[in-house]
Amino acid sequence: MGKVFSALAVSVDGYITGRDPGPGRGLGDGGALFDWYFNGDVPSRVFDGFRLSEPSARFFDAVAGRVGACIAGRHTYEDSDRFGDGGSPHPAAPLFVLSHRPAPQMTGRQRLITTGPADAVAAARDAAEGKDIALMGGVLVTEALKAGLVDELILHQVPVLLGAGRPYFHSLPEHVRLRLLEAVPAPGVTHLHYEVVR
């Protein structure tokens, strides 16, 4: 059975977007969070167009290669312009969008789930064919942590203080203990890989 994890670029002060994110605006003024995707000379084996530093390419491609399905929260879905016509944030994995609000007709590799994170994970697990499930979005990750569904957290920590935006983590009812599995320093980013301790 695949693991459930989140791997997001995050500022040192904990934001996964800058100010004023949204449709047509992406991360708002937080574009620096993705500079490391293009600051090297090693092409990603998973994502066309990404040229990373050697340590980032090694780490990023290993993580991206694990993904069999993605789940995105509604804000992430809208901020990313719905990942195009039936698309997904991952070149090979289907996308499940968790939202309690009505959504436009989804096509291609997209599917709407309205009944909560446990049902979204179950549906994604069926589609992932034994591979892992990637979570995208701060509210989604927080709700999945509350429900005990998350196995690992990966922070691609970028050395910038954005000062505002959407946070990676929202309010949790109790402490969530983590165990560091790996820390990989790279130009423009430090990759921090944690296991959720249960």
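Ala120 versus (1) over 24 Å from Phe38 (Cβ atoms); (2) open to solvent by less than 30 Å² (accessible area, probe 1.4 Å); (3) in contact (Cβ under 8 Å) with a residue 60 or more places away in the chain; (4) not β-branched (Val, Ile, Thr): which is the lone unmet condition?
Ala120 satisfies every listed condition except (3).
Does Arg82 satisfy being among the basic types (Lys, Arg), open to solvent by 20 Å² or more (accessible area, probe 1.4 Å) and modelled with pLDDT of 90 or more? Talk me through it step by step, then tell me what you get.
Details: among the basic types (Lys, Arg): yes; open to solvent by 20 Å² or more (accessible area, probe 1.4 Å): yes; modelled with pLDDT of 90 or more: no.
For Arg82, the condition - among the basic types (Lys, Arg), open to solvent by 20 Å² or more (accessible area, probe 1.4 Å) and modelled with pLDDT of 90 or more - is not met.
Do you know which of the residues in region 113-134 that are assigned to a strand (DSSP E or B) and closer than 10 Å to Phe96 by Cβ is modelled with the highest pLDDT? Working first, answer last.
Keep residues of region 113-134 that are assigned to a strand (DSSP E or B), which gives 113, 132-134.
Among the residues that remain, those that are also closer than 10 Å to Phe96 by Cβ are: 113, 133.
Details: Ile113: 92, Ile133: 98.
Looking at the filtered set, the residue picked out is Ile133.
Any residue at all in region 36-54 that is touching a residue at least 24 places away in the same chain (Cβ under 8 Å), on the phi > 0 side of the Ramachandran plot and touching a strand residue (DSSP E or B) at 6+ places or on another chain (Cβ under 8 Å)?
no
What are the residues in region 141-185 that are open to solvent by less than 20 Å² (accessible area, probe 1.4 Å), under 20 Å from Ser11 (Cβ atoms) and either of a type in the set (Gly, Ala, Ser) or assigned to a strand (DSSP E or B) (or both), if any?
Leu153, Ile154, His156, Val158, Val184
Rundown of residues vs (1) open to solvent by 40 Å² or more (accessible area, probe 1.4 Å); (2) under 25 Å from Ser53 (Cα atoms), yes/no style:
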position	(1), (2)
Ile113	no, no
Leu192	no, yes
Glu195	yes, yes
Arg198	yes, no
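The values are calculated or read from the model by the stated rules, or taken from the named source; none is laboratory data. Values in this document were obtained by computation on a predicted structure and should not be read as measured data. Neighbour counts run over all protein chains shown; Cβ positions are idealised from the backbone, glycine included. Only protein heavy atoms, including side chains, enter the accessible area calculation; ligands, DNA and RNA are left aside. Shrake-Rupley method; radii C 1.70, N 1.55, O 1.52, S 1.80 Å.
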